[in-house]
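Each value in this text was obtained by applying a stated rule to the coordinates, not by laboratory testing. Fair warning: this is a prediction, and the values are worked out from it, not measured in the lab. Heads up, the Cβs are rebuilt from the backbone with ideal geometry, glycines too, and the neighbour counts pull from every protein chain shown.
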């Protein structure tokens, strides 16, 4: 695997997050590989810090983008991948606890606040029935953050 000199020299921000981290194992001859279960958690993080500040959800959860306000709280320009998850507490349908419904990458200078717009297709909130895809009425919880393990913003959406 090769890395651009800018990334290794901390002159550029890594453009992606890998689900693993390579580091010397202490013996001087090997490399330890550490796997991360949550998507995006820790591995491949950039050289700045971020604050997730606001979450605006359209009525019904689909048909318009979900807007996530993110601020670069670090001292360097950077890129963050904003992830949006859905969950259905009390659902009559067997579902995962949460599932990824969309994501968007944003770039910002130090101190700048930017908005990530994430379109949620109606299909992302549906489930399969004998008659095809269906949308279960009730409340959907949308949560936004940098990874599935860190979702600081939540909003409830009523599905008619």
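Can you tell me which residue among 90, 74, 60 is without any contact (Cβ under 8 Å) to a residue 40 or more places away in the chain, assigned to a loop (DSSP other than H, G, I, E, B) and either in contact with a strand residue (DSSP E or B) (Cβ under 9 Å, 6 or more places away or on another chain) or within 13 Å of residue 154 (Cβ to Cβ) (or both)? Steps first, please.
On the way: 90 fails: without any contact (Cβ under 8 Å) to a residue 40 or more places away in the chain; 60 fails: without any contact (Cβ under 8 Å) to a residue 40 or more places away in the chain.
Exactly one of 90, 74, 60 is without any contact (Cβ under 8 Å) to a residue 40 or more places away in the chain, assigned to a loop (DSSP other than H, G, I, E, B) and either in contact with a strand residue (DSSP E or B) (Cβ under 9 Å, 6 or more places away or on another chain) or within 13 Å of residue 154 (Cβ to Cβ) (or both), namely 74.
Taking the stretch 106-123, which residues are free of Cβ contacts under 8 Å to residues at least 60 places away in the same chain and assigned to a strand (DSSP E or B)?
106, 107, 108, 114, 115, 116, 117, 118
Based on what the data block shows, is residue 103 surrounded by 13 or more Cβ atoms within 10 Å (Cβ to Cβ), free of Cβ contacts under 8 Å to residues at least 24 places away in the same chain and either outside any strand (DSSP E or B) or out of contact with any helix residue (DSSP H, G or I) (no Cβ under 8 Å at 6 or more places or on another chain) (or both)?
In short, yes.
Given the criteria surrounded by 15 or more Cβ atoms within 10 Å (Cβ to Cβ) and without any contact (Cβ under 8 Å) to a residue 24 or more places away in the chain, does residue 52 qualify?
On the way: surrounded by 15 or more Cβ atoms within 10 Å (Cβ to Cβ): yes; without any contact (Cβ under 8 Å) to a residue 24 or more places away in the chain: no.
When the stated conditions are applied, residue 52 does not pass them.
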